[in-house]
Amino acid sequence: MIDKISLIAVYPEIILLVMACVILLFDLSVKSRTRTATFVLSMLTLAVVAAIQANYALSGQTIYAFGNMVVSDVMGNWLKCFATLSVMVSLVYGRHYAAERDMLRGGEIFSLSLFSLMGMFVMISGNNLLVLYMGVELLTLSSYALVALRRDYILSVEAAMKYFVLGALASGFLLYGMSMLYGATGTLNIQEALAAIQSGQLKHQVLVFGLVFIVAGLAFKLGVVPFHMWIPDVYQGAPTAITLMIGGAPKLAAFAVMIRILVEGLMPLSADWQQMLMLLAIGSLAIGNLAAIAQTNLKRMLAYSTISHMGFVLIGMMSGAVSGQPEATANAYGSAMFYVISYVLTTLVSFGIILLLSRDGFESEEISDFAGLNQRSPLYAAIMAVCLFSLAGIPPMIGFYAKLAVLQALVASGGTLQIVLAVFAVMMSLIGAFYYLRVVKVMYFDVPSSTSGPITSPFEVRAMLSVNGALLLVLGIVPGGLMALCANAVMQMLAT
Amino acid sequence: MGLLSLAIWTPIAFGVVLLALGRDDQVRAVRWIALVGAVVSLLVTLPLYTQFDLSTAAMQFVETRHWIETFNINYHLGIDGISVWFILLTAFINLIVVIAGWEVITSRVNQYMGAFLILSGLMIGVFCALDGMLFYVFFEATLIPMYLIIGIWGGPNKIYAAFKFFLYTLLGSLLMLVALIYLYVTSGGSFDLLTWHKLPLGQTAQTLLFFAFLAAFAVKVPMWPVHTWLPDVHVEAPTGGSAVLAAIMLKLGAYGFLRFSLPVTPDAAHEWAGLMIGLSLAAVIYVGLVTLVQTDMKKLVAYSSVAHMGFVTLGFFLFNDLGVAGGIVQMVSHGFVSAAMFLGIGVLYDRVHSREISAYGGVVNTMPKFAVFAMLFAMANAGLPGTAGFVGEWMVILAALKVNFWVGMAAASALIFGASYTLWMVKRVYLGPVTNDHVRHMKDINAREFFFLSLLAIAILFMGLYPLPITEVMDVSVAELLKHVAITKLN
């Protein structure tokens, strides 16, 4: 029943699953506090998986496997590859932090992050509503556990509870929407649903009713207004190493699920969901940016900034489906994909720096903890500055090109309303520039406070951060390759 | 690599090396590398002038390379008679600033020098870019080093000034970004500036684009009434920062008018010329009056910069060749003169640590050599014939008289204000008996200060006595621009 082709499509998932279990058992024999052996084994696993995914993506093939339950296409494979790399980087940044807070005992952090990555993989390559839902659940259940990993820390436990209760509610929304869709179309398969809707014989009302719940569920997972309440609390409450893990790679998966359900499945309803996404985007841009100004905690500020950035992703998502212009459509979704990837790359740096500066008993998560960083360490101050300017969308950092691509798609997709929205979006990013600049100000213009000690992070964190930070600038100077990669990936996805 | 790329990337490469050098324990090496970098950067720009072809209005030294193929963005460089002098001016001022900061800056020297070198490369990039997005990238990227320069080495209220500078200018340029994207979409997927020059546009589109560009460029110039950031920023910025800001950064905005507003939206430019002339005259007269009452020397020069830049925009929107050429000449001369004024104030500030006019008096008695330079720069600022300040203002006034007597009359009145505030400041600071002990103990300028002040003095006198090298390169380009602007783009 299971043919060879099907197996090829899910090799990475199989490796991940097996190795997650193996690592869990293997860790029983590891006694060191920093769990170096487990760490190396996890890294090797992830590196192999990333290499396979990149290889698949480069081959340019699209494979439907297991009776059309999953799909392995260029876009999905690239997203999986980047998600794997992002988890690797998160583990590198977070290991010493976790070790100092006794979070490595039992080695669950490694297997849980592998399981959450597995969930992302399923989300990215699912071609069936239930498979997608299972991916979402696998990711979020692993995330709940990761957030609560620091059992003795009250804020983390509180964050995990909030995350769990609201996450379960959102999953309910998503599932309810999916069941409505199933009721209307009689199928869980995405392509069949598309065909059923295209036939024009279904009741529009039922479909839209289901769509509302699906969009609400996805909006929650993505963390956009008005479903954003959990983001600041969870980002702040979770141990920073875990914040990095839930703030980075999962955004790629959430983007993929949106593409799979909304674009591949519900394209004929685009007029409806584009309006919904527009309202969500406007709210996210406004509330994310305005609320971020008031924050004194850097993690909380970055959480609100995440909300505003997801607003930009939604702008890219709502600018596709221009009537009769397949190229413009590919362009819009490609720009949203580019935005997500560049956002993840930038987020890794921002939380990586917090992790770098933290040490035993010192979280370094208040903005004031960064005072005078330039005097203590010009290199890391420069990397953080590049990261913040990138988030603010100032050229020549990569974040600027992401905004450019998304706004270009928006303006290209229509008339006056779209231009007004573009002006609104840039005005909101002006507000955003203010609070990013404030952190730069603290790092460069203020004098170091007495609490700031020496930077004790190990070599691999420093090296990785330097590479990661340099990438923001290098990809900003030559962004063409990554942009073309995204555009091609989306083009192929739309073609099949 | 072409000459223009060399002019852009040489200072940036030196700047990056300086940033990588790290801490303050190798200050000597850092200063010398910065100096070598600035000299080399100036030398590589010289062939742009010597090899410049005066007979053509077409772009020269063109370089084209694909940059971001997905959006058809090209690394497209080229200069014409309008831009060539600004590249040389930028490299020259950069060298002066490096010398001027030699002993004055003692903390984080490598970052200071590196920031100025990178800034200079980026500004040259703005003057060379022929691709809308490349222009925008350079235009915006200049904010980062300037923000850090003001915030790290600035005065007591530097943080307020740095934020005001960054956010004020970002506000304008973000609107321009939307305009650029709109042009890209309308032109069927091209960011090429020369394509946009030929692109037909409707009246409404032109008006909106014109105001989007105006938001970016008017803030940068700055035009009245969006000039309020400039005095605050100048007062707090370190001497070198003020000099670069006044000499080059303000020109980026004025240059934008010539490259974008006039040729891309000519009909809107004609339609709103009255408004632009009104705003320019307000800058010239009203800001001229405001300048009179300033008690802070830097603020005084900052306001006088606004008034001088008013001549530039006035010249542009008269739409005759004397006006446009006069505006460009005024830009170059203001580059020399304002840099000289700010560096002169810097010389005083290094000794007394005050910018208040009332803290000085009778400086000529203790610093005779410096007072000669200061006098010359002040005369140039007041627009005395024979100095650089005279040429541009005279051309613009003449052009204004041709268009409308009262406009010319109003513009000419600025010469009176210019003379009043400058000479009154000179009187209070330099002339008369020594007023206090600080002034009594001032030492006259050393060899280094003498060197860079005399470089500026030579430039100012040369340009005042023999402006031909500056005007002759732009004649053909200005004529071509005006010919282009006269043709309607409405369809």
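No value in this document is a laboratory result; all are computed from the given coordinates. These numbers were taken from a predicted model, which means no experiment stands behind them. Counting neighbours? That spans all protein chains shown, and the Cβs are built from the backbone with ideal geometry, glycine included.
Order by neighbour count: B:350, A:152, fewest other Cβ atoms within 10 Å first, most last.
Working: B:350 14, A:152 8.
Exposure proxy ranking, most exposed first: A:152, B:350.
Taking beta carbons within 10 Å but only from partner chains, what does the mean come to for residues B:171-183?
Details: counts 4, 1, 3, 12, 5, 1, 11, 10, 3, 4, 11, 7, 1.
Partner-chain Cβ atoms within 10 Å, mean over residues of B:171-183: 6.
Over the protein assembly as shown, all Cα pairs binned in 10 Å intervals from 0 give whole-percent P(r) values of 2, 11, 20, 22, 18, 13, 8, 4, 1, 0, 0, listed from short to long.
When Cβ neighbours within 10 Å are restricted to other protein chains, what is their mean count per residue of peptide A:331-337? Walk me through the numbers on the way to the answer.
Details: counts 3, 0, 0, 1, 2, 0, 0.
Across the residues of A:331-337, the mean count of other-chain Cβ atoms within 10 Å is 1.
Each part gets one Cα centre, and for segment A:83-147 versus segment B:162-206 those centres are 43 Å apart. Neighbour counting of Cβ atoms within 10 Å sorts the residues B:128, A:81, fewest neighbours leading, into A:81, B:128. For segment B:286-348 versus segment B:419-460, the inter-centroid distance based on Cα atoms is 20 Å. What the pair-distance distribution of segment B:272-491 shows, using all Cα-Cα distances binned every 10 Å from zero, is 9, 33, 31, 17, 8, 2, 0, 0 percent. Straight Cα distances below 16 angstrom link residue A:80 to the lysines A:251, with same-chain residues fewer than 8 positions distant left out.
With the convex hull drawn around the C-alpha atoms of chain B, the volume per residue stands at 127 Å³. Working from label points 7 Å from Cα in the Cα-to-Cβ sense, the residue A:327 to residue A:229 distance is 4.7 nm. When each of the peptides A:441-448, A:380-387, B:235-242 is scored by how many other beta carbons lie within 10 Å of its residues on average, the order from highest to lowest is B:235-242, A:380-387, A:441-448.
When every Cα-Cα distance of segment B:22-116 is counted in 10 angstrom steps from zero, the calculated P(r) takes the values 15, 32, 25, 22, 6, 0 percent. Within the set B:158/B:251; A:162/A:221; B:251/B:489; A:299/B:164, which residue pairs have Cα atoms separated by over 18 Å? Those over the limit are B:158/B:251; B:251/B:489; A:299/B:164. Overall, segment B:272-491 carries a charge dipole of about 380 debye about its Cα centre when +1 sits on the Cβ of Lys and Arg and -1 on the Cβ of Asp and Glu, all other atoms neutral. In this structure, the amide hydrogen of residue B:361, modeled 1.01 Å from its nitrogen in the peptide plane, lies closer than 5 angstrom to those of B:435, counting only residues at least 5 positions away or on a different chain. Based on C-alpha pairs under 8 angstrom that are at least 6 apart in sequence, chain B has a relative contact order of 16 percent. Rg then Dmax, both in Å and based on the Cα atoms of chain A: 21.5, 70.
In this rough spin-label picture, where each label sits 7 Å from Cα along the Cβ direction, the residue A:165-residue B:56 distance is 7.4 nm. For segment A:272-496, the fraction of C-alpha pairs more than 26 angstrom apart is 38%. In plain terms, the residue of A:90, B:187 with the fewest other Cβ atoms within 10 Å comes first and the most crowded comes last, giving B:187, A:90.
Taking the Cα centre of the protein assembly as shown as origin and assigning +1 to Lys and Arg Cβ atoms and -1 to Asp and Glu Cβ atoms, the resulting dipole is close to 1240 debye. For segment B:110-247, a Kirkwood hydrodynamic radius built from all Cα pairs, placed in the Stokes-Einstein relation at 10 °C and 1.306 mPa s, yields a translational diffusion coefficient of 100 µm²/s. How many angstrom lie between the Cα centre of segment A:452-496 and the Cα centre of segment A:272-339? Using only Cα atoms, the two centres lie 20 Å from each other.
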